[in-house]
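Trainee: The structure under discussion is supplied below as structure tokens; questions concerning it will follow.
All of the numbers you see were taken from the coordinates with simple rules; none came from a lab. As the structure is a prediction and not an experimental result, all values here were calculated from the model. Heads up, the Cβs are rebuilt from the backbone with ideal geometry, glycines too, and the neighbour counts pull from every protein chain shown.
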Amino acid sequence: MDQENQPTSKKIPGFRQVPRTGVIYVMHQATERGFSYDNPEWANLGQGAPEVGPLAGAPKRIEDITIEMNRHEYGPVTGQVELRQKVADLYNTIYRKDKVSKYTYENVSIAGGGRIALTRLAAALGNINMGHFLPDYTAYEELLSVFRAFIPIPILLDSELGYKIPMRHLRKEIQGRGLKALLVSNPCNPTGQVVEGNQLSQWVEMANDLRCSIIFDEFYSHYIYNGPTQGDPRMVSAAEYVEDVDKDPIVIVDGLTKNWRYPGWRVSWTLAPKQVINTIASAGSFLDGGANNPFQSHVLDLLEPDYVLEETVSTQAVFREKRDYILRRLHKMGIRVESEPAGTFYVWANLSQLPEPLNDGIRFFEEGLEEHVITVPGAFFDVDPERRRESGRYRAYARISFGPTMKTLVQGCDALERVIAKYSDGSTSN
């Protein structure tokens, strides 16, 4: 019997029960059923990472590295200065060519992955109200629970509005609830919706006007499907609309995990005013001590603008094809998609029209395991820090990933059809 299931009297004293994040939970359950990443019988459509192999037209992948002897030492808490400046230069080149105010290395902090970067930010926040959206990234839940200085305030995104919030409503939320910070994934995990263009510009302007810091999780900002199919790709970042990099209360978090397809490297960065960078450096000094030092020097070539554009063109072409494929398959299965993803590599799937018990995301996931396919129940995206709400909204939803290869995607869709066929009068077809 594991510790989570032991009677209270048998638990180790002093420790609380820490829940697994949604993706970690489903992967644990799948592993109990025999899943492994090298088992060809399984299709992981719960995958929170993109395929990492070579893509047609993409730059060559890094297959080996050489570590300099001095890189075995601890690195600076904020990261190597050369890498920090390289990140700043990339954003200045891609998004800020016409801006007078430019990012420098002093506006950049390197961390050991997105969760660490967000944890540093959470630890640096004061005694404030911080807004977050529903549905959103499952790992936000525990992140918003563990630090008690700020109060997390949920903001509901309605399916009737395409999981987007009108500007006037957002201003009311910030003013009415006294929000001093707002956490948002853009593009959104799990709905795939994107705040961009004039609307994103208005968000940045609003942050200045209402003096509310906005923390943009931009880990999917290169997975944009409503941009051009020829020429330079469309990428989205709030950095494009920041006027003064040291005064505008805009914080951006990104890294190699999704946009560069190197999730195992655990290298991320935060762009922010110098004051914020200094504060999260202090937080990092006691939280994690700094990112992987040997790998940082090998990131430099990956941040060359030409490399980034070439990689993004290829990624968007491949993932746009996979998105269109899975949308067709899900439609034939009777699974509704209220708002097609304009970004990320996820489909926010409404299961309500499926026969019982498959109209429940938990049961849909459990039945999928019988056919060796993994999905993530929608209930995990109903971010509820400290379990303050009794009712949930997304039991009839699932997040289905098209992050894996097309071969795995086809295999997974075939498996989902078999699951549905078990509970249907007739069988579905390709």
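Trainee: Loop-only trypsin sites (Lys or Arg not before Pro) in the range 373-420, please: DSSP not H, G, I, E or B, and at most 14 other Cβ atoms within 10 Å.
Mentor: Qualifying residues, ordered by number: 388, 389.
Trainee: Can you give the helix-only mean residue ellipticity at 222 nm for the chain, where every DSSP H stretch with n ≥ 4 adds -39500 (n - 2.57) and the sum goes over all residues, rounded to the nearest 500 deg cm²/dmol?
Mentor: Computed ellipticity for the chain at 222 nm equals -10500 deg cm²/dmol.
Trainee: For residue 177 and residue 282 in the same chain, what is the full-extension length gain: residue separation times 0.36 nm, less their Cα-Cα distance, in nm? Please list the in-between numbers first.
Mentor: Details: separation 105, 0.36 × 105 = 37.80 nm, distance 2.88 nm.
Between residue 177 and residue 282, full extension yields an extra 34.9 nm.
Trainee: OK, next. Sort out the exposed loop chymotrypsin sites (Phe, Trp or Tyr not before Pro) in the chain (DSSP loop, at most 12 other Cβ within 10 Å) and tell me the longest stretch that has none. If you can, show how the numbers build up before the last one.
Mentor: Values: sites that count: 15, 37, 74.
Within the chain, the longest run free of exposed chymotrypsin sites (Phe, Trp or Tyr not before Pro) spans 75-430.
Trainee: Let me ask something else about it. If you take every DSSP beta bridge fully contained in the range 73-309, what fraction is antiparallel? Give it as a percent rounded to 5.
Mentor: Taking every DSSP beta bridge with both residues in the range 73-309, the antiparallel ones total about 30 percent.
Trainee: With a 10 Å cut-off between alpha carbons and a GNM built on the chain, which of 20, 84, 323 moves the most?
Mentor: Result: 20 has the largest fluctuation of those listed.
Trainee: If you compute semi-axes √(5λ) of the Cα gyration tensor in Å for the structure shown, which of (i) 34, 25, 19; (ii) 33, 26, 24; (iii) 30, 27, 23 do you land on?
Mentor: Among (i) 34, 25, 19; (ii) 33, 26, 24; (iii) 30, 27, 23, the one calculated here is (ii).
Trainee: How high is the relative contact order of the range 73-309, in percent, with contacts defined as C-alpha pairs under 8 Å that are six or more residues apart?
Mentor: Working: 430 pairs, mean separation 69.8, N = 237.
It rounds to 29 percent for the range 73-309.
Trainee: Continuing with this model, one more query. Could you give the angle, 0 to 90 degrees to the nearest 10, between helix 406-422's Cα long axis and the longest principal axis of the Cα atoms of the chain?
Mentor: So the helix axis and the longest Cα principal axis differ by about 40 degrees.
Trainee: How far, in degrees from 0 to 90, does helix 114-124 lean away from the longest principal axis of the Cα atoms of the chain, to the nearest 10?
Mentor: Once rounded, the angle reads 60 degrees.
Trainee: Then there is this: Between residue 324 and residue 33, how many nm apart are label points set 7 Å from Cα along the C-beta direction?
Mentor: That separation, rounded to one decimal, is 3.2 nm.
Trainee: Take a quick pass over the range 73-309 and tell me how many lysine pairs come in under 22 angstrom between Cα atoms, counting only ones 8 or more apart or on separate chains.
Mentor: Summing the qualifying lysine pairs gives 18.
Trainee: Among DSSP beta bridges whose residues both lie in the chain, state the antiparallel percentage, nearest 5.
Mentor: Once the DSSP bridges in the chain are tallied, antiparallel ones form about 45 percent.
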